[in-house]
1. Shielding of A:283-293 by partners, i.e. mean partner chain Cβ atoms within 10 Å per residue?
2. Roughly what % antiparallel, to the nearest 5, for the DSSP beta bridges in the protein assembly as shown?
3. What does the average come to when, for each residue of peptide C:80-92, you count the partner chain Cβ atoms lying within 10 Å of its Cβ?
4. Evaluate E = 1/(1 + (r/R0)^6) for B:Ser342 and A:Leu10, where r is the Cβ-Cβ distance and R0 equals 51 Å; express this FRET efficiency to the nearest 0.05.
5. I want to verify the translational diffusion coefficient of segment C:351-430 in µm²/s; compute it with Stokes-Einstein, Rh as the Kirkwood radius over Cα pairs, at 10 °C and 1.306 mPa s.
6. Measuring from the lowest to the highest alpha carbon on each principal axis, how far does the protein assembly as shown reach, largest first, in angstroms?
7. Translational diffusion coefficient, Stokes-Einstein: compute it for chain B using the Kirkwood radius over C-alpha pairs as Rh, at 20 °C and 1.002 mPa s, and state it as an integer in µm² s⁻¹.
8. Just tell me which aspartates and glutamates come within less than 18 Å, Cα to Cα, of C:Lys86; anything on the same chain fewer than 8 places away is out.
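Taken together, the values in this text are just the output of simple stated rules run on the coordinates, not laboratory data. Owing to the predicted nature of the structure, the values given are computational and were not obtained by experimental measurement. When we count neighbours, we look across all protein chains shown, and the Cβ atoms used for this are built from the backbone with ideal geometry, even at glycine.
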Amino acid sequence: MPSFSDASSLILWQAATSATPLVLAGYGELVAQRAGVINVGIEGVMLMGAICAFAAATLTGSAAAGLLAAAAVGLLIAALFAAVTTWCRADQVVTGTAINLLAAGASATLYTMLRDHPAATNGEAPFFDRITIPLVDGIPLIGHALANQYALSYVVAFAGLLLWYLLRRTRLGLVITALGDAPDAADAAGIRVRWWRTACVLFAGLCAGLAGSFLSIMALHGFTINMTDGRGFLVLALVIFGRWSLPGLVLGTLLFGILDGVQTTLASMPGATTHFPPSLFAMLPYAATLIALAMLTRSSAGPVHMGRPWPAE
Amino acid sequence: MKQLLTQLALVLVSIAAAIVLIMLGLYACGYPAHRILTLWAGGAIATRFDIAVSLKIACPLMLTGLAAGIAFRCGVINIGAEGQSLIGALAAAAFATAVAPSLPSSVAIPLALLAAILAGAAWAAIAALLDRYRGVPVVLSTILLNFIALQCVKIMLEGPTGPLKDPLTGVPQSRLLPAAYHLPLLPPATGMSSLHIGIFVALAAALIAWLIQSRTTFGFELRVTGLNPTAARLAGIPVAARQLSVMLLSGGLAGLAGAIQLLGITHILGISQPGIGYAGIAVALLGRLHPAGIILAALFFGMLDNGATNVEISRYGLPHDTADIVKGIIVLCILVGAAYISRHGIIAKER
Amino acid sequence: MLQLSNITKRFGPLTALDAVSLRLDPASVHGLLGENGAGKSTLMNILFGLLRPDSGSITIHGQPVAIRSPRIAQSLGIGMVHQHFKLVPTLTVAENFSLSLHAPLRQIKARAAVWQSQLQWQLPLDTRIDRLSVGQQQRVEIIKALLATDCGTAFPGGGPPGGSPVPQRTLIFDEPTAVLTPQETAELFAAIGRLRDGGAAIIFISHKLAEVQKICDTVTILRRGRHIHSGPAGGITPAAMTQMMVGEAVESPTLNRSSNASLGTLFPSLPPALQLSNLSAGILKNASLTLHRGEILGIAGVDGNGQSDLIQAIIGGIPITSGQLSIAGIDATRAPIRWRIDRLAYVAEDRQTQAMILPLSIRDNLLLKEYRKEPFSTLGWLRFAAWRSHSSDLIRQFDVRCNSIADAAGQLSGGNQQKMVLARELHDAAKPLVIAANPTRGLDVGATAFVMRQLLAARARGAGVLLIHNDLDELLAISDRVLVLYSGTLTDSGTGIQPVAPPSKESIGHLMLGLPPDSPSAHGAA
């Protein structure tokens, strides 16, 4: 039995890893929702990001190509989503669901086609590895978690600070708030609502695509059918749970990551699976999220115009 | 009449666009698209056997399509049909294998279906009540409940603790359902003996849905609630109760779909996700939220899936999931087209 | 001096403006009058750069200008104070300024402070918009417009605005008094006066003819896209203005007060249509009133003082926390909505949200409250033949102009929509209680007169009419008595049921602000 501090350290380390794609995708979804667009298709974008990163890395032999591919496909799908919802003004939730459907089919198809491709069967595909920061590693409890993550995780952390600054202290933040709370006022102020919303959606697609790549060419080293397994929907829940604020999102995601880590540790303890069904542990995080959402007070702090097409006409 | 023609045109154009796009994609990947298209169509409707299989696949989709359709028409975004159908199947499986395995068919099947309907409705009720009393958006709770439903099924089926698990195999699945619980097939004289009577259940459900929707005060109230809940309330319609009713109906239909899938096709409950819930949303949109349209749309999707299997086992080996791509494209085309129509219509009238 | 010459604008087959000309002198207030659809908004949108004219020209001090966008309009000193405020409710006042003007917060606060002192206002710049009163929000809009037109007047460092030689500042005020109390209106007029004295040209769009007469120096009247008249405001009577706006003499319905008593005393044997005893609901506190059959009881007050809570408490939309409510003598405090709507007619203010289902057909809308009853349904089964005949009768009776009852209700014009609602609510003469909330909102003169006539007709046949209206003139024209609603409390304006001269508008105005009715007129800070 590992000691408590070892177990905690391990859980934190695990939490930081599993939180990374969620937080990254969360940045994009947060910005999009604050600008008034709810993207239910984030799951599909992450999935496509994962498969495209994997495919590009396998076919070209370069993990960096995988990152680029994931970013590109994220932007592409986001552009499609923006065209349909912001410009043609179709319903956002249904469009997002259609994108999920499309992505499920496309990713599985691509994966099957890839398996038969000659390049794929030659040995391993290139992946990114974790990096280690020597000094930080020594710090008790959190050191291991802080010092041994993927490069992308550190980028995500710094990006979070940058994003927070932009949203809180610059005009960009004001514009995004206006887009979501009072698009008519934004329009009167000379802000081109649809173009800005499109930009926010593209940002969301970029984040989600990269988040997907984290799964396939970093953390999980490979692609499996349906590998996102609901993470995109979790991000949706976490954005709302964090009350559409960046610190709230990060905190909520970390908590979720810790819970997930606890769940995995419990499940791996000897005798766990003989007495408890393994899926019970898997269910805990989702059930906990649902209960947490239910316990939040009812005030709808969300952007007033989220989900509504503009101009309303 | 003009409305009907416009909607029909929208559907046909969307399907045509999707087919064209997929063919272009296939050509780009080096496949002979025209041959694949022939195989696809052939697999769907070439012989009566094929048609029967298409109908068989379409059957649960009709029900999940009706489930999504009734919800959307009333302004409730129920994306939880996936979970509700799983819970319905679970309830039917539990009833069939654990509760009353030795009932005669005439009693067993209706009871199992009833159990599924009630279970699906209850699962939907969770989301409805969370929305009503805790303000959790239905969009979010139904999605999370979909995952929880799958995990519930897994818990019931994973060894060694799963109560419904078949003790004789290592695979997480239930026992084979007793023969009495298998849906009877159509008589061989029809030439469609691979099709089970569940198709009549689905058609009956569609008929009932249509009657309620267009000819009853209840249906009128549902429609009004969906279009303008404030005005509905001030007209004396109990809005919250109606929205809850809609979720229950929707969940019940989805649960029924899961049970039909189990009793008619698979006969064993497993842990793979059939995907009929999400596909039902696409069916509802393609069917323009009208029960008759939904039946036809489900049939079309059934043909899509059937044909895709045919292509998969052919020498081209294209994975079955390409059918999902087609469905996704169709839905997107419909969304764009419908938005264009409604905007164009509005502009025309204001002048 | 700003001159619009022969402006023409077409939208497809519709000619919105037909060679309209307008001349604006500096330091003047120019009223712009016209019905809905007369072209006022189109003309102002062209002036403000939101639309381009098909032909015609705009010149400033004789130089022709092309106003291609609001930004250019603002650089030419043209600013607009919108009727529906274009403010972001979750941002502060200063942040809203910063957003519109692309200026950093500190700089914008300094410039706003200068204007505040000029106008003698004290808006809290770091408060969120949704925490300000409507009157304060309008001031934010006004300062925003002033700051925007500052930009165009070449003061890069934010130097002293107003008073210095400025290339013509023009401000457009679009229906500014619709949401203000009489006192706030007076303060607004004072501010407009100061701006005019500072050299600005003001365009004042309003349908309140008395106000136009008071504040405007000159007035222009448009009708159906054509210019009808321009001239000094003092020389024309409101009746003449109405005639020019509508094209014919319109008799504005008023209550005939010379008749002996209000009809309320003619139905003494019938229980009162409505009685409230110490009713509390929402922000409404201890409200008491008695509405007799055959009278119109007006409730004056600025929106937001409890009007919607009062209405919703009577209709059943919100629960009653204490006190009692009775309709036609029967206790209705706990009655469900369905029971109430059988006994009362509700003419809603926000008809598109509360009274109508826009995508639904006219036929279905007309049956919205009666579909449950015979002959329209039997045991839950709908009987459409009865629907059709009933609807056809109603639209004929109430002159609702439409192509067919199968059309969507959203296709009707605003006036016809209100007629449809009136048809549905008022056709049943047996209903003892009528509740009308701002029933003439957004309607032109003809439709307004129709609504008022319907309310008077309901009164004449013995219904009790509760008229909650923010337009004091219309309220006073047809009410037997008036109560005032302020901050959730109902106060008597001092008149009883006897026919007396209508209560003074000023005393009601004071009550609307929570002041005693005979206060000296006060100018408050924001």
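1. Working: counts 8, 1, 2, 8, 6, 0, 4, 11, 3, 1, 8.
Taking all residues of A:283-293 together, the mean is 5.
2. 55
3. If you average over the peptide's residues, the count of other-chain Cβ atoms is 5.
4. Efficiency, rounded to the nearest 0.05: 0.40.
5. Values: Rh = 12.5 Å.
The estimated diffusion coefficient comes to 127 µm²/s.
6. Computed over the protein assembly as shown, the largest-to-smallest principal extents equal 98, 73, 61 Å.
7. Values: Rh = 21.1 Å.
Diffusion coefficient, whole number: 101 µm²/s.
8. Output for C:Lys86: A:Asp181, A:Asp184, A:Asp187, A:Glu313, C:Glu95, C:Asp126, C:Asp130, C:Glu141, C:Asp174, C:Glu175.
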